[in-house]
1. Before we move on, is Arg38 open to solvent by 60 Å² or more (accessible area, probe 1.4 Å), in a strand (DSSP E or B) and basic (Lys, Arg)?
2. Looking at this structure, is Val5 within 21 Å of Thr108 (Cβ to Cβ) and open to solvent by 60 Å² or more (accessible area, probe 1.4 Å)?
3. Say we look at segment 42-68 and pick out the residues that are outside any strand (DSSP E or B) and charged (D, E, K, R); which of these is surrounded by the most Cβ atoms within 10 Å (Cβ to Cβ)?
4. Got at least one residue in segment 14-32 being touching a Cys at 6+ places or on another chain (Cβ under 8 Å), open to solvent by less than 20 Å² (accessible area, probe 1.4 Å) and of a type outside the set (Lys, Arg)?
5. Might you check whether a residue that is of a type outside the set (Asp, Glu) and modelled with pLDDT under 95 occurs anywhere in segment 45-58?
Amino acid sequence: QVQLVDSGGGLVQAGGSLRLSCAASGRTFTSYTMGWFRQAPGKEREFVGAITWSGGTLYNESAKGRFTISRDNAKNTVHLEMNGLEPEDTAVYYCAADSVPYRLGVRTADYGYWGQGTQVTVSS
């Protein structure tokens, strides 16, 4: 059974930092892009960033310069380091695995496996 488990969310003040983790089990994703998405109340799920099978990264405009995605293939884990958090970053954050190997997907439809989500709340 393939499973992605998100963790690390919490409540933080504006300007603070959090590190989210995603642990995969049931299969390895070394040939797949791993992405992070978020969904705020009343809004659609949006792409935050992704890391490819080779370690390349892509971020949306709001995440650039503040967020960093990394992966540890030996441990089958992915991390999202978030610095300079703002109240607008408040959302449920999800990790996901692209459903096609060697592709950099940016749409929710590109991803076939999802974590359960972890809540990030940034107070002003």
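The values are calculated or read from the model by the stated rules, or taken from the named source; none is laboratory data. These numbers come from a predicted model, not from an experiment. Quick reminder, even Gly has a Cβ in these numbers, built from the backbone with ideal geometry, and neighbours come from all protein chains shown. Calculation scope for accessible area: heavy atoms of the full protein, side chains included, ligands and nucleic acids excluded. Shrake-Rupley method; radii C 1.70, N 1.55, O 1.52, S 1.80 Å.
1. On the way: open to solvent by 60 Å² or more (accessible area, probe 1.4 Å): no; in a strand (DSSP E or B): yes; basic (Lys, Arg): yes.
Against the criterion (open to solvent by 60 Å² or more (accessible area, probe 1.4 Å), in a strand (DSSP E or B) and basic (Lys, Arg)), Arg38 does not qualify.
2. On the way: within 21 Å of Thr108 (Cβ to Cβ): yes; open to solvent by 60 Å² or more (accessible area, probe 1.4 Å): yes.
For Val5, the condition - within 21 Å of Thr108 (Cβ to Cβ) and open to solvent by 60 Å² or more (accessible area, probe 1.4 Å) - is met.
3. Applying the filter and picking the extreme gives Arg45.
4. Step one: list which residues in segment 14-32 are touching a Cys at 6+ places or on another chain (Cβ under 8 Å), which gives 20, 22.
The next check asks that each one be open to solvent by less than 20 Å² (accessible area, probe 1.4 Å); those that pass are 20, 22.
Filter once more, keeping what is of a type outside the set (Lys, Arg): 20, 22.
The answer is yes, given that some residue of segment 14-32 is touching a Cys at 6+ places or on another chain (Cβ under 8 Å), open to solvent by less than 20 Å² (accessible area, probe 1.4 Å) and of a type outside the set (Lys, Arg).
5. Pass one, segment 45-58, residues of a type outside the set (Asp, Glu): 45, 47-58.
After this cut, where a residue has to be modelled with pLDDT under 95 as well, the list is none.
No, there is no match, as no residue in segment 45-58 is of a type outside the set (Asp, Glu) and modelled with pLDDT under 95.
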